[in-house]
Amino acid sequence: MEGLILYETPELQRPCLVAGFSGWANAAEVSTGVVTYLRTKLGASKFAHISPEEFYDFSVLRPLVTIEAGLIKRVEFAHCELFYWRGESAHDLVLLIGAEPHLRWHRFGQLILDVAQQVGVVRVYALGGIYDATPHTAEPRVSGLVNEARLLTELVAHGIEPATYIGPVSFHGPLLDMCRERSIEAISLWGRAPHYVPVRNPKVIAAVVSRLARMLEMDIDISDLREAAQSLDRRVQIAISQNPKLEEYVRALEESYQQVGEQAVLSAEDTNEIIRAVEDLLRGFQRDGGLDTEGDTL
């Protein structure tokens, strides 16, 4: 397959593909955070990658360079990698992690599904994150969409809210549609993160991992994610306690969160002030060594 570099073709038992993409649909780093967590936790093995040349605009997503004492050591381009894991659950896994493509979405999706079918994938999970009017003190909601109506009951059974939306779409939507064309079941899960905490959020990552694990019939210990979530919550609470307007807003969010269709509303000016206050305080924690969201979430 041109554009796909395959190192091996693993033999897998009824594998499911779990895909995470950086970019537009990666609020709070939920999409990439979930897949990275699973790859590390399970010790998944890399078996393929998609060549980036056709699919990324490198003037937008620039390569990263490593220079030491004037000598260029390495240049890293955006990439999309695939890993596999064999376990004792109902399904082996194929994990995909990469940047959302800028170009040729259809060809990019077909390459993914070509290799998926080659290794016998029976279902695709595409993960995303979205910022929402969610209080950081509450259990995050997870919403979802499917490419076959009969899968909707599965969403509800696992505490996932069926999504309703009209607007611009990420790569997830076309990918689900391409799966439908190939008669592959596909589900997209979206973790809903507090919009006023614009950092990597292990609490939302944990909410998605826990539901995904149940759907995959996997037994996975996420106590480390829970601990990281508590650590972030403590730091956010300190930030909030220093801003009365933010305290008031979070209380209003908490009161309205359980009431479907109701949200605490602030003016755009107040919302921006709140976000700036939290960002400033979180940056202060990072400078002082008191907040490491990257390390907290593995």
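Of the residues TYR125, TYR131, the single one that is over 19 Å from GLU217 (Cα atoms) and either in contact with a helix residue (DSSP H, G or I) (Cβ under 9 Å, 6 or more places away or on another chain) or modelled with pLDDT under 95 (or both) is TYR131.
Note on segment 7-32: residues that are surrounded by fewer than 17 Cβ atoms within 10 Å (Cβ to Cβ), within 15 Å of ALA48 (Cα to Cα) and out of contact with any His (no Cβ under 9 Å at 6 or more places or on another chain) total 3.
Does LEU12 satisfy being assigned to a strand (DSSP E or B) and either under 26 Å from TYR131 (Cα atoms) or touching an Asp or Glu at 6+ places or on another chain (Cβ under 6 Å) (or both)? Against the criterion (assigned to a strand (DSSP E or B) and either under 26 Å from TYR131 (Cα atoms) or touching an Asp or Glu at 6+ places or on another chain (Cβ under 6 Å) (or both)), LEU12 does not qualify.
Within segment 37-89, the only residue that satisfies the criterion of being part of a loop (DSSP other than H, G, I, E, B), among the acidic types (Asp, Glu) and surrounded by 12 or more Cβ atoms within 10 Å (Cβ to Cβ) is GLU54.
The condition of being touching a residue at least 40 places away in the same chain (Cβ under 8 Å) and either part of a helix (DSSP H, G or I) or touching a strand residue (DSSP E or B) at 6+ places or on another chain (Cβ under 7 Å) (or both) holds for PHE21.
Evaluation of GLY167 against the conditions (1) in a helix (DSSP H, G or I); (2) modelled with pLDDT under 95 shows that the sole unmet condition is (1). Among the residues making up segment 185-214, those that are over 18 Å from LEU232 (Cα atoms) and part of a helix (DSSP H, G or I) are SER210, ARG211, LEU212, ALA213, ARG214.
The values are calculated or read from the model by the stated rules, or taken from the named source; none is laboratory data. Please read these numbers as outputs of a predicted model, since none were measured by experiment. Reconstructed Cβ throughout: ideal geometry from the backbone, glycine too, with neighbour counts over all protein chains shown.
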